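We did not get these values from a lab; they are worked out from the coordinates using the rules stated. Everything numeric here is computed off the predicted structure, so don't read it as measured data. Backbone-built Cβ (ideal geometry, glycine too); neighbour counts: all protein chains shown.
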Amino acid sequence: MTRILLFAVLVLPLLALAGSIGLREAELASAEEWVIPVTGFDPRDMLRGRYILYRYDQEIAGNVDMCRDGKCRLCLTGPAPDGTRLEIRDLPSAPCQTGIDWAASDLNMTALPPFAVSRDRDVRLPPRFSLSGRFFVPDADAAALETAVLDDQIAMSVRITPDGRVLNRRLVPRIAAPREETEK
Amino acid sequence: MAIADKIASWQSAGLIDADTAARIAAFEEERARPTALWAVIGLGCLALALGIANVVAANWQAIPDALKLGVHFAMTAGAAFACWRSLDRGAVWFAEGALFVLGALFLAGLSLHAQVYQLSGEIWQLLVTWLLCAGPAFLLLGRTRLTAYALAGMTIWAGASWAGAANEESWAGLFAQGLAMSVPWALVALAALCQGRSRFSSGLSEMGLSAILIAVSIAHVAWADPIPEIDAGEMRVRLLVAGAGAALALALAWRGRLFPRDLLLALVTAPFAALVLAVGIEHGDGPVPRFIGALIYAAMWGGIAWAASRAGWRTVFGLAIGALAVRLFIVYFELFGSLAMTGMGLIFAGALLIALALGWRRIFSGFRKAGP
């Protein structure tokens, strides 16, 4: 009995790791794929490797002020995988085809008050609303990605689980916007 | 002083003759280790390990997630297997090393899963997961201070981060913080239950008592700040839970004779009493509360020093006197002000320190047996 117990406690960490992988993979299997355009700063060389500080570069609809206390609902209006449009809904319980739970997704949300945005068009200030994060990139690709990010050519391919958690997968070229083609 | 100089000094003082001096020199020469050589090799190994880590880190994002997770899982399974086989063969240190590596790999695995699957959460959630999954292996299989320190360190860290995240405005939050405060005493209670594994038990009790004494010594600073009744009331709720932990530790350690009983009483109850007085009772921050706080601090460490001297525990006695000396030196800063006051502070603190040192020397010469 004691021997079985000792064996069990030794195997417990392995079971926990295997269980965690199984759960996460099952969650990913039911996740929907989206491509969200991003903009950001150049990759930084830090102790933990090179990464991009990115910000979702989306068209925002809805009342930004609802997000200032963090209680709004964020919805991608699609259709998938086109993640260029984000709608802010008033209540956390508002219906949504694909919602984003920014807090559970390791994303930072910024919702600035109206007076924080300058009327001077020559001064480039951060937008009133943004979702931002950090994405690590391989050393070899860092230089090319730096150029692409600065030229606003990059999008993030993400998987969004049914409960709204966003998992960054890889950086990809942006999807050509249909409205721009129409204007041309 | 080098050993050759010491031998020459002993020989010139007539303590040893030339023959003995030659034999000691030959013995020491045979035992000598090429320390400088080992230091250079160690430096080389460190550079090698850092280099490998950097090469892996530089290509980390290019490594497929499945490969990362697979290699990590294989390494963790290898550590568990090595621990099991070493226990079967009675190789205690190999088993301990493998168990320690298993715990470290499991912690790294939780971070790896968080990175691969982009999970976010509070640090206490990660630490509690570690305690629930790897803690039982450490608790049941640990044999030495290595695993005891690791388990105790993780438990204290988890408790501290849990307390920091708890909501102070609810009863449940205060209860949770009280539970976290009782962790060091719980380690002493665990040590009493693991006395069959003496080095592991000693490791747990050393970590628990160190945490108690350091935390209470720091909490003593509360006497320099006003504690309003509302804060004191909340603290009493936490202390009620922590007190239950302290009582349990005292009962188990008393029954199992973990320490000489006088010393146990001083080590477990005196810090708890000092903590209650410092943070559980409303007080101001004037000279009188500060003086009372200093007296309570001195009484706590003085009681521990007295019990340690009776039990012959020289290390604990030395630590207690050291803690008193630090507090006496702080008197100088408390009296810092005009030139005359600074001078008075220096004279007062200096005189007390000299008196303490002389008293220490007198008591130390009275020790008949060496303790731990």
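Summary of computed values
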| item | result |
| --- | --- |
| Order of B:ILE24, A:ILE100 - criterion: other Cβ atoms within 10 Å of each residue's Cβ, fewest first | B:ILE24, A:ILE100 |
| Charge tally in the Cβ shell below 13 Å around A:LEU76, where Lys, Arg are +1 and Asp, Glu are -1, A:LEU76 excluded | -2 |
| Computed lengthening from B:ALA36 to B:SER198, 0.36 nm per intervening residue step minus Cα-Cα distance | 54.8 nm |
| Under Karplus coefficients 6.51, -1.76 and 1.60, residue-wise ³J(HN,Hα) of the range B:96-111 in Hz, glycine/proline x | 5, x, 5, 5, 4, 5, 4, x, 5, 5, 5, 4, 5, x, 4, 5 |
| J(HN,Hα) series, the range B:71-80, from Karplus relation 6.51 cos²θ - 1.76 cosθ + 1.60, nearest Hz, glycine and proline x | 5, 4, 5, 5, 5, 5, 5, x, 5, 5 |
| Separation of the B:SER12 and A:ILE175 label points, Cα + 7 Å toward Cβ, nm | 9.0 nm |
| Amide H partners (placed H, <5 Å) of A:GLY40, local residues excluded | A:ARG55 |
| Isotropic mean projected area of the C-alpha convex hull, chain B (nm²) | 27.0 nm² |
| Cysteines not pairable in the protein assembly as shown (beta carbon separation under 4.7 Å absent) | B:CYS45, B:CYS83, B:CYS133, B:CYS194 |
| Residue order, fewest to most surrounding Cβ atoms within 10 angstrom, among A:SER105, B:SER170, B:SER205 | B:SER170, A:SER105, B:SER205 |
| Expected-Rg normalisation [2.2 N^0.38 Å, Cα atoms] applied to the range B:52-204 | 1.19 |
| Value at 222 nm in deg cm²/dmol, rounded to 500, when DSSP H runs of n ≥ 4 in chain B each add -39,500 (n - 2.57) | -27500 deg cm²/dmol |
| Residues of the range B:295-322 with amide N under 13 Å of the 7 Å Cα→Cβ point at B:PHE348 | B:295 |
| Rh (Kirkwood; distinct C-alpha pairs) - the range B:283-362, Å | 13.5 Å |
| Quarter of the Cα convex hull surface for the protein assembly as shown, i.e. its orientation-mean projected area (nm²) | 38.9 nm² |
| Using θ = phi - 60° and Karplus 6.51 cos²θ - 1.76 cosθ + 1.60, couplings along the range B:23-32 (whole Hz; Gly, Pro as x) | 5, 5, 4, 5, 4, 5, 5, 5, 7, 4 |
| Average other protein chain Cβ within 10 Å of Cβ, residues A:3-15 | 6 |
| Relative compactness, the range B:156-242, computed as alpha-carbon Rg over 2.2 N^0.38 Å | 1.22 |
| Chain B: most fluctuating residue of B:LEU110, B:LEU358, B:LEU209 per GNM, C-alpha cutoff 10 Å | B:LEU358 |
| Gyration tensor (Cα) of the range B:98-139, equivalent ellipsoid semi-axes in angstrom | 19, 12, 6 |
| Under-5 Å amide H pairs with A:GLY78, H placed in peptide plane, nonlocal only | A:ARG85 |
| Exposure proxy order (Cβ contacts within 10 Å, fewest to most) of A:PHE136, B:PHE291 | B:PHE291, A:PHE136 |
| For the range B:140-293, convex hull volume per residue from C-alpha positions, Å³ | 100 Å³ |
| Residues listed by number, the range B:266-292, amide nitrogen under 15 Å from B:MET341 label point at 7 Å toward C-beta | B:286-288, B:290-291 |
| Paired Rg and Dmax values of the range B:70-143, which use every Cα atom, in angstrom | 13.3, 41 |
| Three semi-axes of the equivalent ellipsoid, the range B:275-330, Cα gyration tensor, whole Å, largest first | 25, 12, 7 |
| Principal axes of the range B:215-372: Cα extent on each, largest first, Å | 54, 47, 16 |
| Cut-off under 5 Å, modelled amide H: who pairs with A:ARG169 long-range | A:SER157, A:VAL158, A:ARG159 |
| Extension gain (nm, one decimal) between B:TRP254 and B:ASN167, 0.36 nm per residue minus Cα-Cα | 27.8 nm |
